[in-house]
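K.L.:
Quick one: the structure is below, questions incoming.
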Amino acid sequence: MNAANRLLYGAIMVLAVVVAWLLLRRRQIKLDLDFHQRSGLAYAGFVGAMLGAKVPFLLEADWESLTNGTLWLSDGKTILGGIFGGYLAVEITKWMMGVHQKTGDSFAIPLAAAFAIGRLACFFAGCCYGTATELPWGCDFPLAQDPPGTHRHPTQLYEVAFHSSAIFILWVAERRNWLVHQRLKAYLMAYLIFRFVTEWIRPEPIIAAGLTGYQIACMVLWILLAALWVRDRPPPTGSSSNDLAS
């Protein structure tokens with residue numbers, strides 16, 4: 001990645017964080033939490049996402065890259081690790097702070113916005129591309145070092161379309177008070193299905209049973225979220241809530 005692309009990538013990523021922060025702040029004001037609790041959960045989500053996004057690269061890193069900072073400042077990140085690193089960090093922080101209120105729904109739209117903007121950064125930087133295609137919207141990605149005339153699926157833009165659509169659907173659900181306590185999980189479960197399917201057009205190595213590591217992770221995480229969904233289902237005779245929750 002050249003200097004200009006790296007600068008653009010960084011600027012768009014900063015924009016993604018700022019937009020997500022503003023959207024989250026607006027939603028968390030409606031929660032029955034004080035300023036320190038809201039700030040703590042927001043920071044926990046951010047730090048957990050940053051660390052989680054690096055997990056696959058940590059497994060392959062050597063000691064030198066871990067200690068000299070090159071691993072942490074490099075471009076490699078995974079959205080799956082980021083999502084669930086942030087999710088886990090928020091849950092741990094809630095436990096440590098004694099917060100029992102459901103808070104996840106307040107993160108749904110901010111997350112979708114962050115990932116929609118962040119994937120634009122990936123597209124302009126030329127990373128996270130798909131496999132070769134002859135479809136008319138295929139793009140040339142120099143980082144792939146393909147022979148001249150080779151075009152690849154712009155999987156980054158497919159993700160932009162997914163997350164942008166999710167923002168609209170989540171906004172409607174929020175306005176109509178649908179899926180209370182479940183909106184974040186619904187979004188993440190839908191994304192896991194989307195990611196599982198689009199792995200077929202990503203140049204990722206097959207790990208087992210004809211599946212990539214990301215597809216296996218998608219299945220495991222989907223099952224965990226489904227279990228949380230069942231746990232958080234409201235009782236049939238329970239009263240509805242207007243709180244933003246997960």
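K.L.:
Which residue is modelled with the lowest pLDDT, if the candidates are limited to region 121-142 and must be touching a Gly at 6+ places or on another chain (Cβ under 8 Å) and over 23 Å from residue 16 (Cα atoms)?
P.N.:
Filtering first and then ranking leaves 142.
K.L.:
Which residues, counting only those in region 1-22, are surrounded by fewer than 13 Cβ atoms within 10 Å (Cβ to Cβ) and not charged (D, E, K, R)?
P.N.:
Answer for region 1-22, where residues must be surrounded by fewer than 13 Cβ atoms within 10 Å (Cβ to Cβ) and not charged (D, E, K, R): 2, 3, 4, 7, 11, 14, 18, 22.
K.L.:
Sticking with this one: Would you mind finding the one in 53, 44, 11, 16 that is modelled with pLDDT of 85 or more, among the aliphatic types (A, V, I, L, M) and under 26 Å from residue 95 (Cα atoms)?
P.N.:
44
K.L.:
Another question about this same structure. Is it the case, given these coordinates, that residue 118 is farther than 18 Å from residue 10 by Cα, touching a residue at least 24 places away in the same chain (Cβ under 8 Å) and of a type in the set (Gly, Ala, Ser)?
P.N.:
So residue 118 fails the test.
K.L.:
For region 143-178, give me the residue count where each residue is free of Cβ contacts under 8 Å to residues at least 24 places away in the same chain and either assigned to a loop (DSSP other than H, G, I, E, B) or within 18 Å of residue 23 (Cβ to Cβ) (or both).
P.N.:
Number satisfying all stated conditions: 15.
K.L.:
In addition: Of everything in region 195-205, what is in a helix (DSSP H, G or I) and either on the phi > 0 side of the Ramachandran plot or more than 12 Å from the chain's Cα centre (by Cα) (or both)? Give them in sequence order.
P.N.:
196, 197, 198, 199, 200, 201 - these are the residues of region 195-205 that are in a helix (DSSP H, G or I) and either on the phi > 0 side of the Ramachandran plot or more than 12 Å from the chain's Cα centre (by Cα) (or both).
The values are calculated or read from the model by the stated rules, or taken from the named source; none is laboratory data. None of the values given here were measured: they were computed from a predicted structure. Positions of Cβ are backbone-derived with ideal geometry, glycine not excepted, and every protein chain shown enters the neighbour counts.
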